[in-house]
Amino acid sequence: MDGRTLQERDRQALSALQKLRFFPLSVTAGAGCMLVEEGGRQLLDLSAAWGAASLGYAHPALNLAVAEAMASQAGASILSSTNAPAVELAEKLLDLVPGSDDRRVWLGHSGSDANEMVARAVPEATRRPRIMAFSGAYHGGTLGSMSISGHFAQEGVEKHRGLILVPYPDPYRPFGDDPGGGALLAHIEHLLQAEGTGEEVGCFFMEPIQSDGGMIVPPPGFLSRLSDLCRRYGILTVCDEVKVGLGRPGRLNCFEHEDFTPDILVLGKGLGGGLPISAVAGPSRIMDHARAYSMQTLHGNPICASAALAVLSTIEADGLAGNADTVGRVLIEEIMRATSSTECVGDVRGRGLAIGVELVKDGTSEPNPDLARKTVFRAWQLGAVLYSVGMHSNVLELTPPLILTESQAKFAAETIAQAIKDAHMGLVGDDDISDFTGW
Ligand SMILES: Cc1ncc(COP(=O)(O)O)c(C=O)c1O
């Protein structure tokens with residue numbers, strides 16, 4: 001090589017269009033929950049690449065599945081031929097995901113293409129042109145998925161015609177001063193009652209924990225009450241579990257915490273354990289409403305489908321939803337304990353291994369995005385990888401691999417508490433973070 005670091009070569013070779021960087025991390029290898037940085041330092045990954053590396057890195061089950069699928073490659077697509085891994089994956093998802101209708105599975109590459117397909121198919125199949133979704137929601141980075149998102153990072157992108165955005169039920173910053181969500185439900189019903197709106201809305205997109213919007217956990221029962229409301233108006237519920245599904249919330253599906261079953265479930269990220277695959281499960285009247293309607297050449301390819309099958313069977317066989325539940329509780333408790341004397345931690349919340357730590361100006365609930373950016377930078381210096389999210393960019397997001405151990409959770413909590421303290425004391429300067437975009 002020419003003596004330049006990976007960071008230097010990256011700057012000159014890779015487009016800024018897809019960089020959301022918080023610190024200068026150059027990864028050369030990974031194993032389990034650990035990443036190896038250029039130079040050999042090991043870091044505990046508390047992000048799992050935004051939730052994608054659900055089994056951690058270099059997991060033997062994933063290795064084997066991909067190697068076997070490549071050794072006798074059953075085509076490269078599902079468009080004009082079928083293959084066993086794709087069919088088995090669809091069958092497995094129909095088995096795992098509750099739902100009584102006649103249902104089908106669509107396979108894609110990412111959360112973005114999956115949500116985009118749903119946003120196109122539902123209005124056409126139901127002949128209801130409008131869509132409801134939550135402010136703060138991040139449903140993807142393609143035009144169609146951005147058009148139904150309410151995240152500030154996508155301001156300026158043209159929205160789906162007739163999109164109705166409503167506030168997310170946030171107990172820490174409640175709509176109408178009602179942390180239980182009753183005032184918000186009344187607001188939504190009021191919108192649906194206006195001039196036949198309820199009959200025009202085909203579906204309601206919901207994240208059962210709003211992740212990029214700030215790792216917000218809705219008040220208990222809110223989504224099931226919202227689902228009842230949607231049912232009354234004939235509106236389909238779409239659960240986007242791309243980041244917080246498949247074991248991460250301490251159950252296989254996040255909606256199980258809420259005691260309702262969505263009409264349509266969207267999965268991605270952790271489904272492939274680091275390989276690109278997404279899936280949508282939904283009623284055949286939507287999923288079969290047209291042929292050759294939403295497809296990309298490599299959809300349903302046997303390599304990624306095999307990886308997803310390996311991820312699902314490992315989650316089941318190794319009890320990883322249970323591990324996420326147990327270790328997630330330890331992580332939340334330890335963070336609370338280690339930060340109990342810190343006035344700049346406003347809220348610690350989460351389910352399983354989907355956890356948010358909201359940073360505020362001392363003793364207030366005013367968001368502190370500067371502290372969040374400096375904290376994640378300091379955490380990287382101290383040996384842990386995590387990022388910040390939220391509509392105010394002030395929430396530390398933890399979505400580690402589902403194999404995280406209790407001792408790793410304890411190290412994580414100590415490191416995060418130390419990073420907050422150091423950043424608060426001014427150990428990270430504005431210059432240190434000025435090269436990094438963050439959100
Ligand atoms: C809830 C949710 N949905 C969809 C997406 C888009 O997924 P992808 O970036 O894999 O296309 C994301 C990505 O952050 C997400 O968090």
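The values are calculated or read from the model by the stated rules, or taken from the named source; none is laboratory data. Note that the structure is predicted; figures quoted are calculated from it, not measured. Cβ placement follows ideal geometry from the backbone for every residue including glycine, while neighbour counts extend to all protein chains displayed. To get the accessible areas, we keep the full protein, side chains included, count just its heavy atoms, and leave off ligands, DNA and RNA. Shrake-Rupley method; radii C 1.70, N 1.55, O 1.52, S 1.80 Å.
Listing for the model above:
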| quantity | calculated |
| --- | --- |
| Dimensionless Rg over Rh [the range 63-317; C-alpha; Kirkwood] | 0.97 |
| Candidate residues Phe22, Phe411: accessible-area rank, largest first, probe 1.4 Å | Phe411, Phe22 |
| Accessible-area order (highest first, 1.4 angstrom probe) of the listed residues Met295, Met425, Met391 | Met425, Met295, Met391 |
| Peptides 382-388, 238-244, 25-31 ordered by average Cβ neighbours within 10 Å, highest first | 238-244, 382-388, 25-31 |
| Dipole of the chain [Lys/Arg +1, Asp/Glu -1 at C-beta], most positive-end residue of Gly75, Val36, Val266 | Gly75 |
| Spatial separation of Cα centroids for the range 279-328 and the range 397-432, in angstrom | 31 |
| Signed unit charges on C-beta, dipole axis of the chain, positive-most listed residue Ile209, His109, Ala379 | His109 |
| Where the chain is the region considered: accessible area per residue in Å², 1.4 Å probe | 41 |
| For the chain, convex hull volume per residue from C-alpha positions, Å³ | 144 |
| Charge dipole (the chain, unit charges on Cβ, about Cα centre) - positive-most of Gly198, Tyr293, Val122 | Tyr293 |
| Residue with peak Gaussian network fluctuation, the chain [Cα springs, cutoff 10 Å], from Tyr57, Tyr293, Tyr233 | Tyr293 |
| Amide hydrogen neighbours beyond the local backbone of Leu252, cut-off 5 Å, H modeled | Gly247 |
| Amide H contacts under 5 Å for Val166, placed H, 5+ residues apart | Ala133, Phe134, Ser135 |
| Magnitude of the charge dipole, the range 178-243, Cβ model with Lys/Arg +1 and Asp/Glu -1, debye to 20 | 200 |
| C-alpha center-to-center spacing [the range 1-49, the range 120-193] in angstrom | 35 |
| Per-residue SASA entry for Asp102, accessible area with 1.4 Å probe, Å² rounded to 10 | 90 |
| GNM flexibility winner over the chain from Ala186, Ala292, Ala305 (Cα, springs under 10 Å) | Ala292 |
| Estimated dipole of the chain in Debye, rounded to 20 [Cβ of Lys and Arg +1, of Asp and Glu -1, Cα centre] | 560 |
| Gaussian network model of the chain, Cα within-10 Å springs - most flexible of Arg173, Arg291, Arg373 | Arg291 |
| Accessible-area value, Ile78, 1.4 Å probe, nucleic acids and ligands omitted, Å² | 60 |
| Net charge dipole size for the range 251-307 [Lys, Arg +1 and Asp, Glu -1 on Cβ; Debye, nearest 20] | 260 |
| Sequence of Glu91, Glu334 when ordered by accessible area, the most exposed leading, probe 1.4 angstrom | Glu91, Glu334 |
